[in-house]
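First up is the structure itself, then whatever we jot down about it.
The values are calculated or read from the model by the stated rules, or taken from the named source; none is laboratory data. All values reported here derive from a predicted model rather than from experimental measurement. A quick note on method: Cβ atoms are made from the backbone with ideal geometry, for glycine too, and the neighbour counts reach across all protein chains shown.
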Amino acid sequence: MRGAVVNGRRMKLVGGLAVALAVVGGLGATGAAAAPGSPNGPRYTAGSPGAGDTYFPNAGNGGYDVQHYDLDLTYAPPEADPAPLVGQLDGTATIDLVATQDLDRFNLDLRGMEVGSLTVNGKPATAVAPPAPGAEVDGAAYWHVQNDADRIWELTVQPRPKLKAGESVQLVIEYGGQTARPLDIEEALYGWVTTRDGAMVVSEPDGSMTWYPVSDHQTDKASYSFAITVPEGKVAVANGMQPKPEETAGGWTTWYWDAPDQQASYLTTASVGDFDLRDTYYSASGVPIIDAVDADVTPARLLVTNASLARQVEMIDFYEQYFGGYPFVAYGSIVDDDTVFYALETQTRPVYSRQASEGTVAHELAHQWFGDAVSPERWQDIWLNEGWASYASWMWDEHDGGATVQESYNEWYASEEPDSEYWDLQIGDPGPLGLFQDPVYDRGAGALHALRLELGDETFFAGTQLWLERYNDSAGTAEDFQAVFEEVSGEDLDGFFQTWLYEQAKPPATWTTP
Ligand code: ARG
Ligand code: ZN
């Protein structure tokens, strides 16, 4: 789903839909729509191969809007230990989408997997070699370009008949391949990371394409359902809730998960391991919490993990007071024994690497509001995710009797001298290699604290709630964020955001108090 209508106004849209509206507008000007193919008929064009994000130009796609992904996966983890970390993944993705322009062809993103068959509304398309640019291809067809050196992974679908704007389509794609340990642009592990006992699946920013055909950008959220078949004894945990119990036959177990909320592709998980799937418990507000902890987590780390997970209920209660009701159908944590070494705020069910510390749990929970319910419209807006999640964990610390938010701010502010290169990173535009650099996190948190001091608690939290409400189930930019706080405060905040997001210097000491 793309931008939702909220508060009676349509949110800013990117890419395909804006194009679709222009095309529809053009039709109106020429009078009644003529038949497809006639001289005055609609022009069928190719959907864009990217969502228009300058950091990852080929991530996501234009020309359509995905409604739902149904992923039926079968996964065989590596067989022996020690063994090469290679598994086998076979999937059937059933994807419901709506064309947002008259489409001759359109793309999905898929990396490192091979397509076995593809149907459009039940009709098979033929696998063909990628045609030369501008060349015609006969009939319903698909082709797949995988260029690892240039990081281009595009599966093109040519539907026949062509699709009219507004038309609903169902694709069924059978695909599969060996799974390995994919790397992101900065060479960190991500995507379907094969582990000794399964897979740790953490796909920020563009790693979902390593395990299913997807429009891999947060401007096209969708709902999800999963059936994940793994060797008997393994546990598969995805987003959302189990609609029915797992089923075992012939040495394989199928785990079912449903995630009905709008969800960005990078927040999808389907992690597999020797997990202890714990009994569901509930927040005071009734959110079901489902945790899964790898049986191989060491005793010392298990102690830390269990103590942290035990605080989740209180943390939800605390954040709900400031950020409004928890936004999704469920929550819970996956703690994997692996070597990825970072956690990810996968929607409804963050994944932790080897252990879950309390600060990280407070951080990933806050992301459910900041990042998940409201996503960064462009990757350059990442500070809205990481700054907020970091600031919320300062708030939790204060609530829990630790440092006050002001003390955390002061400590961060004092930690880098003015001549440090730390201040060079523009957190409002950190570049694709800067997404997860420290300043995005703590200068981002500092910016939010300074904004709070600038506006006062009441206006700051009113703005926060308006932001979360207006862009819920959707995405917004730093400019949208600034506009919300200008709206609630009546102040011009250009100078403030310039200082905090773009100035390559230590901000003045104005917000540091004794
Ligand atoms: N968003 C994650 C967090 O909560 C960090 C993800 C790091 N990802 C990466 N590809 N390096 O901080
Ligand atoms: Zn984070």
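Tabulated results
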{"quantity": "Any chance THR219 is more than 16 Å from ligand 1 (Cβ to nearest atom) and either within 30 Å of TYR64 (Cα to Cα) or buried (at least 24 other Cβ atoms within 10 Å of the Cβ) (or both)", "calculated": "yes"}
{"quantity": "Residues (within 19 Å of GLN101 (Cβ to Cβ) and touching an Asp or Glu at 6+ places or on another chain (Cβ under 9 Å)) located in segment 130-166", "calculated": "GLU154, LEU155, GLN158, PRO159, ARG160, LYS162, LEU163, LYS164, ALA165"}
{"quantity": "Flag for SER283 being within 16 Å of ligand 2 (Cβ to nearest atom), hydroxyl-bearing (Ser, Thr, Tyr) and in contact with a strand residue (DSSP E or B) (Cβ under 9 Å, 6 or more places away or on another chain)", "calculated": "no"}
{"quantity": "Residue identified as surrounded by fewer than 17 Cβ atoms within 10 Å (Cβ to Cβ) and either assigned to a loop (DSSP other than H, G, I, E, B) or in contact with a Gly (Cβ under 9 Å, 6 or more places away or on another chain) (or both) among ASP65, ASP72, ASP81", "calculated": "ASP81"}
{"quantity": "Those residues of segment 46-103 which are closer than 21 Å to GLY139 by Cα, out of contact with any Lys or Arg (no Cβ under 9 Å at 6 or more places or on another chain) and without any contact (Cβ under 8 Å) to a residue 60 or more places away in the chain, in sequence order", "calculated": "SER48"}
{"quantity": "Any chance VAL361 is touching a residue at least 24 places away in the same chain (Cβ under 8 Å), more than 14 Å from ligand 2 (Cβ to nearest atom) and under 23 Å from TYR322 (Cα atoms)", "calculated": "no"}
{"quantity": "Candidates ALA80, ALA76 - the one that is closer than 26 Å to LYS234 by Cα, at pLDDT 95 or above and not charged (D, E, K, R)", "calculated": "ALA76"}
{"quantity": "Subset of segment 147-170 [more than 19 Å from GLY50 (Cβ to Cβ) and under 23 Å from the mean Cα position of the chain (by Cα)]", "calculated": "GLN170"}
{"quantity": "All positions within segment 409-431 that are more than 16 Å from ligand 1 (Cβ to nearest atom), more than 23 Å from the chain's Cα centre (by Cα) and part of a loop (DSSP other than H, G, I, E, B)", "calculated": "SER415, GLU416, GLU417, PRO418, ASP419, SER420"}
{"quantity": "Spans of helices (runs of 4 or more DSSP H) in segment 311-408 with at least 3 residues small (Gly, Ala, Ser), within 16 Å of ligand 1 (Cβ to nearest atom) and buried (at least 24 other Cβ atoms within 10 Å of the Cβ)", "calculated": "383-399"}
{"quantity": "Selection from segment 173-188 of residues that are out of contact with any Asp or Glu (no Cβ under 9 Å at 6 or more places or on another chain) and either away from ligand 2 (no atom under 16 Å from the Cβ) or modelled with pLDDT under 95 (or both)", "calculated": "ILE173, GLN178, THR179, ALA180, ARG181, PRO182, LEU183, GLU187"}
{"quantity": "Output for segment 409-441, where each listed residue is more than 16 Å from ligand 2 (Cβ to nearest atom) and of a type in the set (Gly, Ala, Ser)", "calculated": "ALA414, SER415, SER420, GLY428, GLY431"}
{"quantity": "Output for segment 189-216, where each listed residue is of a type in the set (D, E, K, R), away from ligand 2 (no atom under 16 Å from the Cβ) and more than 16 Å from LEU71 (Cβ to Cβ)", "calculated": "ARG196, ASP197, ASP206"}
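One line per residue, one yes/no per condition, for (1) aliphatic (A, V, I, L, M); (2) in contact (Cβ under 8 Å) with a residue 40 or more places away in the chain; (3) in contact with a Pro (Cβ under 9 Å, 6 or more places away or on another chain); (4) in a loop (DSSP other than H, G, I, E, B):
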{"residue": "GLY446", "(1), (2), (3), (4)": "no, yes, yes, no"}
{"residue": "PHE461", "(1), (2), (3), (4)": "no, yes, no, no"}
{"residue": "LEU466", "(1), (2), (3), (4)": "yes, no, no, no"}
{"residue": "GLU479", "(1), (2), (3), (4)": "no, no, no, no"}
{"residue": "VAL488", "(1), (2), (3), (4)": "yes, no, no, no"}
{"residue": "GLU491", "(1), (2), (3), (4)": "no, no, no, yes"}
{"residue": "LEU501", "(1), (2), (3), (4)": "yes, yes, no, no"}
{"residue": "GLN504", "(1), (2), (3), (4)": "no, yes, no, yes"}
{"residue": "THR510", "(1), (2), (3), (4)": "no, yes, no, no"}
